[in-house]
Amino acid sequence: MAIQILPPQLANQIAAGEVVERPASVVKELVENSLDAGASRIDIEIEKGGSKLIRIRDNGSGIPKDELALALARHATSKVHSLEDLEAILSFGFRGEALASISSVSRLTLTSRTAEQSEAWQAYAEGSEMAVKVIPAAHPRGSSIDVVDLFFNTPARRRFLKSDKTEFTHIDEWLKRIALVRADIHFTLSHNGKLVRQYRPANSDNQYLQRLAQVSGKPFADQAIKVDCLHDGLHLTGYLQHPHSQQAVDCHYFYVNGRLVRDRLVNHAVRQAFAPHGESEQPGYVLMLSLDPHQVDVNVHPAKHEVRFHQARYVHDFILQVLQSALAQLQELPLGHNPA
Ligand code: ADP
Ligand code: MG
């Protein structure tokens, strides 16, 4: 075969292979966009595990009419304009790939209105050239994205979808993780017309513990030990399971600048800190680390599950020390001290 440039839709479908694995990955990308757009409320509607419909509505900034077509194009982003921007990234997005990828493997419509516009507009991409059509629509300030018939044109992918229930569970689990780090956001999640989750905004420790109880169960929230330490540009906050609690807690979440990451460094620090205190082998934790974005590389993997710290040892030792001193102070703290 002669060398040819791929038509846009095919190029996007290939890119979609990396970021759009299943309905939950679509929800992740779209909700992250809503968060990047400064939304305070995000409503998620799912039908048939997301294979029929994924609808995300937000009250964020909206997209101006003349940028709608660009929003659906590949490598088009409002979040990064230079290498310097990329090295100091705080937004979830920066690749400019999600909307283009998702719309190449579904029937996607994007409806949006900015605060300045008196009317809303709707955009969708058609055909192998992914030419974008823009038509008038009704919508309050913010955006709605409808993703209908995911993978309808990529049957090999569609075949990999599990049952509606399983796919919905993946969505629900992902939302729990983001709900813990974005406690300021009002989220709702419904499935087949039924409201399944309602996370009301939490603005105090007490309200946060209520959200923690919703996500990880009351036993963990009731006993959780608060962590909050700022030192030399590193800020660690969150909650730890009480070392005397016997309950197995399936809650091991570590966020870096608001992004959930898999990182062995924090697991190691947690285990080391708990070792002298008792039996619990895998204590539950929700830990959020904030640091100068120049100190961490998030552009390691397309799905952004991993990060690289420039000073990994230093970060590890900081976390370990904070956890050790939180645990050292609690000798007298009885179980069940947070009746939320
Ligand atoms: P990225 O998030 O990496 O920039 P996306 O393909 O996810 O790439 O989105 C492309 C662009 O569309 C974003 O940079 C943003 O400007 C705009 N956008 C997407 N979703 C929303 C939304 N819910 N509200 C406002 N703007 C959005
Ligand atoms: Mg994005």
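Computed from the coordinates by the stated procedures, all read-outs in this text should not be read as laboratory data. Quantities reported herein were computed from a predicted structural model and do not represent experimental measurements. Cβ sites come from the backbone with ideal geometry, for glycine too, and all protein chains shown count toward neighbours.
When a/c is below 1.5 the answer is rounded, else prolate if a/b is larger than b/c, else oblate, so apply that to the range 8-199 with a ≥ b ≥ c taken from the square roots of the Cα gyration tensor eigenvalues.
rounded
Going down the list Lys79/Lys133; Lys79/Lys218; Lys79/Lys226; Lys48/Lys79, which pairs span over 31 Å between their C-alpha atoms?
Checking Cα-Cα distances, Lys79/Lys218; Lys79/Lys226; Lys48/Lys79 exceed 31 Å.
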Q) Hey, if you drop one equal point scatterer on each alpha-carbon of the range 9-115 and run the Debye formula without solvent, what base-10 log of I(q)/I(0) do you get at q = 0.24 Å⁻¹? A) -1.56
Q: Grab the other residues whose beta carbon is less than 13 angstrom from that of Ser290, score K and R as +1, D and E as -1, and report the net.
A: -2
Q) Cβ under 12 Å from Phe254's Cβ, Phe254 left aside: what net charge do those residues give with Lys, Arg +1 and Asp, Glu -1? A) +2
Q: Per residue of the range 202-218, in order, report the coupling 6.51 cos²θ - 1.76 cosθ + 1.60 (Karplus, θ = phi - 60°) as ³J(HN,Hα) in whole Hz, putting x for Gly and Pro.
A: 10, 10, 9, 4, 4, 5, 5, 5, 5, 5, 4, 5, 4, 7, 10, x, 5
Q | Normalised alpha carbon radius of gyration of the range 217-328 [divisor 2.2 N^0.38 Å] | A | 1.04
Q: Would you please state the base-10 log of I(q)/I(0) at q = 0.18, 0.28 1/Å for the range 121-189, with intensities from the Debye formula using one equal scatterer on every alpha carbon?
A: -1.03, -1.18
Q: Could you grab the relative contact order for the chain? Cα pairs under 8 Å, six or more apart, rounded to a whole percent.
A: 16 percent
Q. For the chain, what is the calculated [θ] at 222 nm in deg cm²/dmol (nearest 500), taking -39500 (n - 2.57) for each run of four or more DSSP H residues and dividing by its residue count?
A. -9500 deg cm²/dmol
Q: Please work out the Cα convex hull volume for the chain and give it in Å³ per residue.
A: 159 Å³
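In the neighborhood of Pro201, defined by Cβ-to-Cβ distances under 15 Å, what is the net charge if each Lys or Arg adds +1 and each Asp or Glu adds -1? Could you put the intermediate results ahead of the total?
Details: positive: Arg41, Arg182, Arg197, Arg200, Arg211; negative: Asp43, Asp58, Asp184, Asp205.
Net local charge, Pro201 excluded: +1.
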Q: Return one number: the angle in degrees, 0 to 90 and rounded to the nearest 10, between the long axis of the Cα atoms of helix 8-19 and the longest principal axis of the Cα atoms of the chain.
A: 10 degrees
